[in-house]
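Each reported figure results from applying straightforward, stated rules to the coordinates on display, with no laboratory input. Every value quoted in this text rests on a predicted model; they were computed, and no experiment measured them. Glycine gets a Cβ as well: all are built from the backbone with ideal geometry, and neighbour counts include every protein chain shown.
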Amino acid sequence: SIYSHLVDGEKILWLLGAVLPQAALLFSVAMRYLPALQRRYQQLHRLHTCMGLYRQDTFLHRLKGSFQLLSVLLGSALEDAVQTAYAMRARGYGSGKRTRMSLYRMRKREWTQLCCILLLTVCIGILLHRGAMQAQFYPRMVFQVGARELATAAGFGLLLLLPGLEEGGAWIRWHLWKPQHSALLMPERQSRR
């Protein structure tokens, strides 16, 4: 859930665009089409229900209705893909040397966060490899609690808290900035005399 909230198609294109440009484009287009396909499925299902295609409750009728819905959905998806391909060709995709354009830039804060995530992941991996966080529960439960286990649990907890800390910090910065700059946001009206 956090990944889908933080990483969008633009960031995927930025990460993979230089190394695997075609795979990055394919992945970005697929990530764009999945929510659209889900919305289209819900619309078609409601439409078929209103038309009375699912009134009979037998398994064969439901299966037949599902195949009809799937056929319409796939046809619609293919039509959208063809229109996207024509639009890309009309805009010159694949006609010359490829250039990279990105609206996303890695700032110092993002590099710091990436280094923290990688460092915590490596530390947790090393501690797990050395036997931290092991539990045996057959025929009796035995938990080992020591410095390595506590360090591993603390590192894992910090790794899980990083996105929340980032969002909380942004919320605090915004609410601390807003009162100081409220005159810039909403200039007061001057009274007429």
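Taking the Cβ of Leu37 as the center, what net charge do the other residues with Cβ under 14 Å away carry, scoring Lys and Arg +1 and Asp and Glu -1?
Values: positive: Arg32, Arg39, Arg40; negative: Glu79, Asp80.
Local net charge: +1.
With +1 on the Cβ of every Lys and Arg and -1 on the Cβ of every Asp and Glu, and nothing else charged, how large is the dipole of the range 108-184 about its Cα centre, in debye rounded to the nearest 20? Kindly include the intermediate steps, with their values, before the conclusion.
Working: 7 positive and 4 negative charges, 19 e Å.
Magnitude of the dipole: close to 100 debye.
Provide the FRET efficiency to the nearest 0.05 for the Glu110-Ala147 pair, computing r from the beta carbons and using R0 = 35 Å.
On the way: r = 32 Å, r/R0 = 0.92.
That pair, Glu110 with Ala147, gives E of 0.60.
State, to one decimal in nm, how far the label point of Ile117 lies from the label point of Leu26, with both points 7 Å from Cα in the Cβ direction.
Simple spin-label model gives 2.4 nm for this pair.
When you count, for each residue, the other Cβ atoms within 10 Å and take the mean per peptide, how do 84-96, 147-159 rank with the highest first?
Details: 84-96: 10.0, 147-159: 15.2.
The most tightly packed comes first, giving 147-159, 84-96.
Run the quick spin-label model on Arg62 and Ile172: label points 7 Å from Cα toward the beta carbon, then report their separation in nm to one decimal.
Simple spin-label model gives 5.2 nm for this pair.
Can you classify the range 108-184 as rounded, prolate or oblate using the Cα gyration tensor, where a ≥ b ≥ c are the square roots of its eigenvalues, rounded means a/c under 1.5, and otherwise it's prolate if a/b beats b/c and oblate if not?
Cα axes put the range 108-184 in the prolate bin.
Can you give the local net charge around Ala132? Use residues other than it whose beta-carbon is closer than 11 angstrom to its beta-carbon, Lys and Arg +1, Asp and Glu -1. Mind showing how you got there, number by number?
On the way: positive: Arg130, Arg148; negative: Glu149.
Combined, the nearby Lys, Arg, Asp and Glu give +1.
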